[in-house]
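Worksheet for the structure shown next.
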Amino acid sequence: MTHFASGIDAPPRHAALDDAHVGDIRGALGTIAHHDTGARDSWRARLRTLLAILGPGLIVMVGDNDAGAFGTYTQAGQNYGTTLLWTLMLLIPVLYVNQEMVLRLGAVTRVGHARLIFARFGKFWGSFSVIDLFLVNALTLVTEFIGISLALEYLGIPRHWGVCAAAALVML
């Protein structure tokens, strides 16, 4: 078992369900080696580390800010103003704890959420979770194209051309 600079023991290699999830941290814009535990002394090194791990965090951060969500935010703001702002104070701790639990689960097991569901609860619940995730993502994609077509219609571009252009850009 290796020790980190902070005095915390690294999780054992057998914590992961397979060897593919043990090792280097591969982010959207770079990789951090598994054995790299040194401090980042320069701004350049810190920036490179940040860019290496930025991808997944950025996706989580903007996860609910799609066209459908903005429509909902606008309608709620029009109807209620700031009278429901206090509910955010109730939701922030819940969301924080949820994100921290998922982070700890991934850090300790080094395995994705779906794989853990398959391993712990079996094929039925694992398949249910994956199918549910697929449906939610497909419907979210539909709302994205609706938002793109409405936004481009404001600019005078017909809906069918806007959706075709957006689909072509997504496929690139």
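The values are calculated or read from the model by the stated rules, or taken from the named source; none is laboratory data. The shown structure was predicted, so the numbers you read here are calculated from the model rather than taken from an experiment. When we count neighbours, we look across all protein chains shown, and the Cβ atoms used for this are built from the backbone with ideal geometry, even at glycine.
Looking across the range 100-158 at every residue that is of a type in the set (D, E) and exposed (fewer than 14 other Cβ atoms within 10 Å of the Cβ), the one that is farthest from D64 (Cα to Cα) is identified as E153. Of all residues in the range 103-139, which are out of contact with any Gly (no Cβ under 8 Å at 6 or more places or on another chain), under 18 Å from I25 (Cβ atoms) and not in a helix (DSSP H, G or I)? Once the filter is applied, which keeps residues that are out of contact with any Gly (no Cβ under 8 Å at 6 or more places or on another chain), under 18 Å from I25 (Cβ atoms) and not in a helix (DSSP H, G or I), the range 103-139 yields R110, V111.
Considering only residues of the range 71-93 that are surrounded by 10 or more Cβ atoms within 10 Å (Cβ to Cβ) and over 23 Å from the mean Cα position of the chain (by Cα), which is farthest from I148 (Cα to Cα)? Looking at residues that are surrounded by 10 or more Cβ atoms within 10 Å (Cβ to Cβ) and over 23 Å from the mean Cα position of the chain (by Cα), I get L84. For T49, the criteria (1) modelled with pLDDT of 85 or more; (2) polar (S, T, N, Q); (3) in a helix (DSSP H, G or I) hold in every case but one, which is (1). For the range 134-148, the criterion of being among the small types (G, A, S) and under 30 Å from A165 (Cβ atoms) is satisfied by at least one residue. Residue-level check: of (1) modelled with pLDDT of 90 or more; (2) more than 16 Å from the chain's Cα centre (by Cα), T109 misses just (1). Taken over the range 134-150, the criterion of being without any contact (Cβ under 8 Å) to a residue 24 or more places away in the chain and of a type in the set (A, V, I, L, M) is satisfied by L135, V136, A138, L139, L141, V142.
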